[in-house]
Amino acid sequence: MLALTSMLALALFLTLAPVQPAQAQSKSSAAKGVQEPTAAAAIRKNLAARLPQMPAIDEVRALPLTGGTSLYEVRVGQDIFYTDAQGRHLIQGQIIDLESKRNLTEERTEQLTAVRFQDLPFDDAFIIRRGKGERQLAVFSDPECGYCRRLERELAGIDNVTIHVFLYPVLGPQSTEKSQAVWCTAPAQRAQVWLDWMLKGTPPAAQANCPQRNLDALARNLEFGRKHRIQGTPTLFFANDARAPGALSARQIEQQFANAAASK
């Protein structure tokens, strides 16, 4: 993301270079507006010509702005940029509707990275169950994350919950080592080993000859997080598809459970 951001930050300079457009547009057609398929093709060709190092464009679509403004969204993965109908100017930033006070870029990003609870890769998580376990919660957590420890202390006081813990080692080599030690433990023991570390400070014992399939599960968690922009730990997901970043208090978690129950 940093490389892409740095590269595209250079775009405003590069677009000033005299590059021949892939499809010339007459003044009359520009005044009337360009049809969506034609504009999308022109944008793809011209951005590729002006920014050959730009990754492949996944989608180009016209923005539904009022006042006849012609602006197009360019999506590269989950990254959003904006351009004109000829792909001459590139905008990196957020669009805010000042009348409705809506951040259109943020709304679009949330739409693209939304996760349905039922689509979470539960095979790559272990379960902590308290009481009847009727209420569902998923947590992406790093063993070296102080906020994750705080969250575990809050969760320890919540009853009637099933917690799906996805190990998400993003804070460095020690995170990876501890995540591997937890996940390479026998499945029935993972939850206790995790809680011993997060609540009591007892480090998980390294496991010799850990099967590659176990290490692959951690890699899949990281890839899932990148795809869906899980950018910090802990990140919580609830049964109504709500996402909540950070170390929520027990009261906040109970409110999320109430919201999930009300949405059924």
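The values are calculated or read from the model by the stated rules, or taken from the named source; none is laboratory data. Values in this document were obtained by computation on a predicted structure and should not be read as measured data. Methodologically, a virtual Cβ is constructed for each residue, glycine included, from the backbone with ideal geometry; neighbour enumeration extends over all protein chains shown.
Computed values, structure above
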{"quantity": "Search result, residues across segment 78-103 that are within 21 Å of the chain's Cα centre (by Cα) and surrounded by 17 or more Cβ atoms within 10 Å (Cβ to Cβ)", "calculated": "79, 80, 81, 82, 95"}
{"quantity": "Every pair of residues 6+ apart whose Cβ atoms lie under 6 Å, when the first sits in segment 146-160 and is free of Cβ contacts under 8 Å to residues at least 60 places away in the same chain while the second is of a type in the set (Gly, Ala, Ser)", "calculated": "159/131; 160/131"}
{"quantity": "Pair list, Cβ under 8 Å, 6 or more apart: segment 187-198 residue over 14 Å from residue 167 (Cβ atoms), other residue surrounded by 13 or more Cβ atoms within 10 Å (Cβ to Cβ)", "calculated": "196/204"}
{"quantity": "Segment 230-263: number of residues that are assigned to a loop (DSSP other than H, G, I, E, B) and buried (at least 18 other Cβ atoms within 10 Å of the Cβ)", "calculated": "6"}
{"quantity": "Residue count for segment 98-128, restricted to those that are touching a residue at least 40 places away in the same chain (Cβ under 8 Å) and of a type outside the set (Asp, Glu)", "calculated": "14"}
{"quantity": "Only one of 262, 247 that is more than 18 Å from residue 121 (Cβ to Cβ) and in contact (Cβ under 8 Å) with a residue 24 or more places away in the chain", "calculated": "247"}
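This table checks each residue for (1) within 18 Å of the chain's Cα centre (by Cα); (2) of a type in the set (Asp, Glu); (3) at pLDDT 90 or above.
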| site | (1), (2), (3) |
| --- | --- |
| 221 | yes, no, yes |
| 229 | yes, no, no |
| 234 | yes, no, yes |
| 250 | no, no, yes |
| 256 | no, no, yes |
